Amino acid sequence: MKFGMRIKQLLIVGGLVAGFCQAGQAAEVAGIKFDDTAKVGGKELKLNGAGARAWAGLVKVYAIGMYLPEKKTTPADVLATNGPRRMKLVLLRKVNNEELGQAFMDGLNKNSDKAEKSKFVDQTVKMGEVFASISDLDKGSVIVTDYIPDVGLQVYVNDKKIGEPMAGIAFANAYFKIWLGDKPADSSLKEKLLGN
């Protein structure tokens, strides 16, 4: 009887340890590891979801992870998040700044209407300047975009701050809608970022 109880206790403890180990493991997408947490604006964010983007369904271009204060499973809930957010993108092949800029503008135009875009013309121009200032990026380059309320959207390339923050939640939401909008860059990637 005591032996059976001891086995049961060991199994429970083993299960708990395995659960903690799994919770602490980073997500891996296309060979790229994404940490479970990130600190943005002094707050700890959690990895909401991660996936890879392929162009023409063939060539994988980047792996991307989205970090939020708490788990969200719908685009509306992500866009309503009142706090910092992060998109972390890791290139899986060499990309030039024209490709990046064009992909950004395409995603913005597909997911924001004319009235929305009129609210963040200055920010769009600034983002264009950010892409223009970046030279071609090699495989493994990391582009991090942090949104901090009352500060704006800030871009970092390989840990180097690029340009100044682009103010306003409207622009931040337009940026996140490139992946989460009605016409996302990749619908299966959208679901992965939402953890679905």
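The numbers here are math on the coordinates, done by the rules we state, and not lab data. Since we're looking at a predicted model, the values are computed, not measured. Heads up, the Cβs are rebuilt from the backbone with ideal geometry, glycines too, and the neighbour counts pull from every protein chain shown.
Before moving on, here are some points about what is shown:
- Alpha-carbon geometry of the chain: the Rg and the Dmax are 19.3, 74 Å, given in that order.
- Near Pro69: Cβ cut-off under 10 Å, other residues only, Lys/Arg at +1 and Asp/Glu at -1. The net charge is +3.
- Rounded to the nearest whole Hz, the Karplus-based 3J(HN,Hα) values (6.51 cos²θ - 1.76 cosθ + 1.60, θ = phi - 60°) of segment 27-32 follow the sequence 6, 10, 10, 6, x, 9, with x at glycine and proline.
- Of the residues Leu108, Phe34, Val95, the one whose Cα sits farthest towards the positive end of the charge dipole of segment 29-140 is Phe34 (charges of +1 on Lys and Arg Cβ, -1 on Asp and Glu Cβ, taken about the Cα centre).
- Under 5 Å between amide hydrogens, built in the peptide plane, is the criterion, and for Val61 it picks out Arg53, Ala54, Trp55 among residues at least 5 positions away or on other chains.
- Relative to the Cα centre, the charge distribution of the chain, modelled as +1 at Lys and Arg Cβ and -1 at Asp and Glu Cβ, gives a dipole magnitude of about 820 debye.
- Three-way shape label, segment 115-196, alpha-carbon gyration tensor, a/c 1.5: oblate
- At full extension, Val121 and Ala76 could sit 13.9 nm farther apart than now, given 0.36 nm per residue minus the alpha carbon distance.
- Taking Cβ atoms as reference points and 13 Å as the exclusive limit, the residues near Asn82 contribute a net charge of 0, counting Lys and Arg as +1 and Asp and Glu as -1.
- Distance in nm between pseudo-label sites at Val59 and Ser133 (7 Å out along the Cβ direction from Cα): 2.8 nm
- Furthest towards positive pole of dipole, Leu79, Gly51, Pro149, structure part the chain, Cβ charges: Gly51
- Computed from the Cβ-Cβ distance with R0 of 30 Å, the FRET efficiency linking Lys94 to Ser187 stands at 0.70.
- Look at the dipole of the chain built from charges on Cβ: of Ile169, Met127, Gly181, the Cα furthest out on the positive end belongs to Gly181.
- Helix 97-111 vs. the chain, principal-axis angle (Cα, 0 to 90°, nearest 10): 80 degrees
- Within the shell of other residues whose beta carbon sits under 13 angstrom from the beta carbon of Lys94, the net charge comes to -1, with Lys and Arg scored +1 and Asp and Glu -1.
- Long-range HN-HN contacts of Asn48 with modeled amide H, under 5 Å: Met66, Tyr67, Leu68
- Gyration tensor verdict on segment 35-129 (Cα atoms; rounded if a/c is under 1.5, prolate if a/b is larger than b/c, oblate otherwise): oblate
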